[in-house]
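Below you'll find the structure, written out as structure tokens, and then a few comments.
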Amino acid sequence: MENTVNGIHHITAIAGNAQRNYNFYTKILGLRLVKKTVNFDDPETYHLYYGDKEGTPGTILTFFPWQNIMTGRRGSRQATEIGYSVPENSFDFWLNRFEKHNVVYNKVAEKFGRPYLTFLDPDGLKLELIASETADVRLPWETEEITAENATRGFYNVTITTNKLQPTADILTSVFGYRLLEQHVNRYRFVTDTVENANIIDLVEVPGEKPGHVAGGSVHHVAFRVKNEEALMQYREKIAALGLNITDKIDRNYFYSLYFREPGGVLFELATDNPGFAVDEPVERLGSGLMLPPQYEEYRSSLETTLPKLA
Ligand code: ZN
């Protein structure tokens, strides 16, 4: 029986304009577009995946860009902050970069003794750069302007805002195998020891906080990483045994998934490492072509006309 997930697999959020989203994540933040595909439930919308060179689980932030989406609101029952790991001495670089590109940011502050820098993407999604306590050895994707000494390494953590700590904490500890590492006021930090990175979930308990509205600039779901389909189905049994509704296994082309809403209201996914992003294009060319699942291949020419070109 699988008892511990391997940290965060990916995080999916909602954006407005696709080109603006692409510019921000690839050019300003310096991530690699690792997959350009469509929303499998709404193929006239992109599904864009940003990550490291290979789209390693724990580095992948994905978006559904809907041009006319209304702006969401942060609140409870949501993942409200996405933290990226950066080198300790990179904050001056990022502050200058954000200033130059008119990115909304706060001054550097500290959480659990670690410096962090909060900023917003163009749709208002709240992100953070955090210097981890030990050097993050993950190989970063580098661009001309953002080299290894400053580049993000993938996720550090994700923060969930909840009205009531315990129900969500129970899922993290008794189902996913996280343990409580630290607490400061109403922020509870949970960690899993099976992986060294992307292994932190912060729960912030705010009893009176109104539920957030999931729309532009907010997180749609958080996916946790499991090794393979066998492990995936073991989690399915565990979660179903708690009386929670959970989907059947879904083929997402690049991983297999299950979805369930945790008792605190956040949509959680479990996603496998296999088969990965190189399943339909070589690593060197990841993100360069429009990749369609088999059911939409016959609509390729019309989709290529409808979907905006990204450059
Ligand atoms: Zn997902």
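The values are calculated or read from the model by the stated rules, or taken from the named source; none is laboratory data. Being a predicted model, the structure only gives us computed values, none of them experimental. Heads up, the Cβs are rebuilt from the backbone with ideal geometry, glycines too, and the neighbour counts pull from every protein chain shown. Calculation scope for accessible area: heavy atoms of the full protein, side chains included, ligands and nucleic acids excluded. Shrake-Rupley method; radii C 1.70, N 1.55, O 1.52, S 1.80 Å.
Given the structure, is G243 under 20 Å from S76 (Cα atoms), away from the ligand (no atom under 16 Å from the Cβ) and either open to solvent by less than 60 Å² (accessible area, probe 1.4 Å) or not basic (K, R) (or both)? Give the derivation first.
Values: under 20 Å from S76 (Cα atoms): no; away from the ligand (no atom under 16 Å from the Cβ): yes; either open to solvent by less than 60 Å² (accessible area, probe 1.4 Å) or not basic (K, R) (or both): yes.
Against the criterion (under 20 Å from S76 (Cα atoms), away from the ligand (no atom under 16 Å from the Cβ) and either open to solvent by less than 60 Å² (accessible area, probe 1.4 Å) or not basic (K, R) (or both)), G243 does not qualify.
For every residue, the table says whether it meets (1) under 28 Å from G212 (Cα atoms); (2) away from the ligand (no atom under 13 Å from the Cβ); (3) in contact (Cβ under 8 Å) with a residue 40 or more places away in the chain.
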site	(1), (2), (3)
I11	yes, no, yes
V34	no, yes, yes
D41	yes, no, no
E44	yes, yes, yes
H47	yes, no, no
D52	no, yes, yes
G58	yes, yes, yes
Next on the checklist: Consider region 99-147. How many of its residues are surrounded by 12 or more Cβ atoms within 10 Å (Cβ to Cβ) and without any contact (Cβ under 8 Å) to a residue 12 or more places away in the chain?
Outcome noted: 1
Item to check | Residues satisfying the stated conditions in region 41-72, i.e. on the phi < 0 side of the Ramachandran plot, open to solvent by less than 30 Å² (accessible area, probe 1.4 Å), outside any strand (DSSP E or B) and not hydroxyl-bearing (S, T, Y) | outcome: D52, P57, G72
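Which residues, taken from region 73-88, are away from the ligand (no atom under 14 Å from the Cβ) and open to solvent by less than 80 Å² (accessible area, probe 1.4 Å)?
G75, S76, Q78, T80, E81, G83, Y84, S85, V86, P87
Has region 209-227 got at least one residue that is away from the ligand (no atom under 14 Å from the Cβ), assigned to a strand (DSSP E or B) and surrounded by fewer than 21 Cβ atoms within 10 Å (Cβ to Cβ)? Write out each step before concluding.
Restricting attention to region 209-227, the residues satisfying the condition of being away from the ligand (no atom under 14 Å from the Cβ) are 209-213, 215-218, 227.
Going one step further and asking which of them are assigned to a strand (DSSP E or B), we end up with 211, 213, 216.
Still in the list and also surrounded by fewer than 21 Cβ atoms within 10 Å (Cβ to Cβ): 211, 213.
Yes, that holds for at least one residue.
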Checklist entry - If you check R179, R153, which single one turns out to be without any contact (Cβ under 8 Å) to a residue 24 or more places away in the chain, of a type in the set (K, R) and open to solvent by 10 Å² or more (accessible area, probe 1.4 Å)? => result R179
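Out of all the residues in region 79-101, which are of a type in the set (S, T, N, Q) and assigned to a helix (DSSP H, G or I)?
Correct list: N89, S90, N96.
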Checklist outcome for this item: Residue count, region 246-287, condition more than 13 Å from the ligand (Cβ to nearest atom) and either buried (at least 17 other Cβ atoms within 10 Å of the Cβ) or touching a residue at least 40 places away in the same chain (Cβ under 8 Å) (or both), comes to 13
